[in-house]
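Peer 1: This is the structure I want to talk about, given as C-alpha cells.
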Amino acid sequence: MSGAQPNSIESLVPHTGEIVLLDSLVTVSQIALSARTTVRADGLFNTTPERVPSFIAVEYMAQAMAAWAGHHGLARGEPVRPGLLLGVRDYVASAPYMPVGEALEVTVRQVLETPAGTAVFDAEVTGQTVHITARLSVLTVESLEDLKRLSSETN
C-alpha cells in the first residue's frame with residue numbers, strides 16, 4: 001500500500017499488486033460504497049483470454065467492502081485492517097461469465113454491523129451484459145496475527 005494515492009483503492013484495501021481488482025472509487029457514504037473496474041484480459045482469474053467466471057464478482061464485492069471499511073477506518077485515524085469473508089448468500093448472476101473489457105460498477109451497502117467486528121453487506125455488480133447480486137458476511141480483525149490466532153483456535 002505504500003505509495004498509493006489518498007482515497008485510491010490501493011490505499012483503502014489490505015492488498016497490493018495484481019490481486020487489487022477494483023480500479024477506482026466512485027462514491028462512499030456512511031453505509032455504502034461504489035467503485036469501478038474493467039474485466040481484465042490478463043487477470044488472475046481468466047478461464048480464457050475472453051472471459052472471467054461470474055463468481056469472481058464475489059471478490060470484487062469483497063474488495064469494495066474492504067475499501068468501505070478502509071475509508072471509514074482511516075477517517076477515524078485507524079489503519080486499514082484485514083478481513084475474512086465468512087459467507088455469501090443469495091448469489092444471483094445473469095450469466096456464467098463476465099466478458100473481458102466490460103466496464104463494471106461494484107456497489108456495497110452495509111445492512112448490519114456488530115461490535116465483534118462482523119458485518120453484512122448487500123452487494124451488486126452491474127455492467128452492460130452483467131448483473132450479479134449477493135449478500136456477504138465479513139469479519140474484520142485488528143491484524144493478520146489475529147486471523148492466524150483465530151485459525152489455530154478452530155483447528
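Peer 1: Can you give the alpha-carbon Rg of the range 34-76 over 2.2 N^0.38 Å, where N counts its residues? Please report the intermediate quantities before stating the final value.
Peer 2: Numbers: Rg = 13.0 Å, N = 43, 2.2 N^0.38 = 9.2 Å.
The reported ratio for this selection is 1.42.
Peer 1: Using Cα pairs under 8 angstrom and six or more residues apart, how large is the relative contact order of the chain, in percent?
Peer 2: In percent, rounded to a whole number, it is 23.
Peer 1: Between 128, 63, 110, which gets the highest mean-square fluctuation from a Gaussian network model of the chain, Cα cutoff 10 Å?
Peer 2: So, out of 128, 63, 110, the one fluctuating most is 128.
Peer 1: Could I ask something else about it? State the dimensionless ratio Rg/Rh of the range 9-154 (Rg: radius of gyration of Cα atoms; Rh: Kirkwood radius).
Peer 2: Rg divided by Rh gives 0.96.
Peer 1: Something else now. Could you give the nm distance between label points at residue 113 and residue 59, where each point is 7 Å from its Cα heading toward the beta carbon?
Peer 2: 2.7
Peer 1: Using θ = phi - 60° and the Karplus relation 6.51 cos²θ - 1.76 cosθ + 1.60, list the HN-Hα couplings for the range 103-109 in order, rounded to whole Hz, with x at every Gly or Pro.
Peer 2: 7, 10, 10, 10, 10, 10, 9
Peer 1: Let me ask something else. Suppose the chain between residue 153 and residue 31 were pulled fully straight at 0.36 nm per residue; how much longer would it get relative to their current alpha carbon spacing?
Peer 2: Value of the extension gain: 40.7 nm.
Peer 1: Can you tell which of 89, 81, 40 shows the greatest fluctuation in a Gaussian network model of the chain with Cα springs below 10 Å?
Peer 2: Greatest mean-square fluctuation among the candidates belongs to 89.
Peer 1: Choose one answer from 33, 112, 12: the residue with the largest mean-square fluctuation in a GNM of the chain with alpha-carbon springs under 10 Å.
Peer 2: 112
Here, each number is a calculation from the coordinates, and none is a lab measurement. Note that the structure is predicted; figures quoted are calculated from it, not measured. Glycine also receives a Cβ, built like all others from the backbone with ideal geometry; neighbour counts cover every protein chain displayed.
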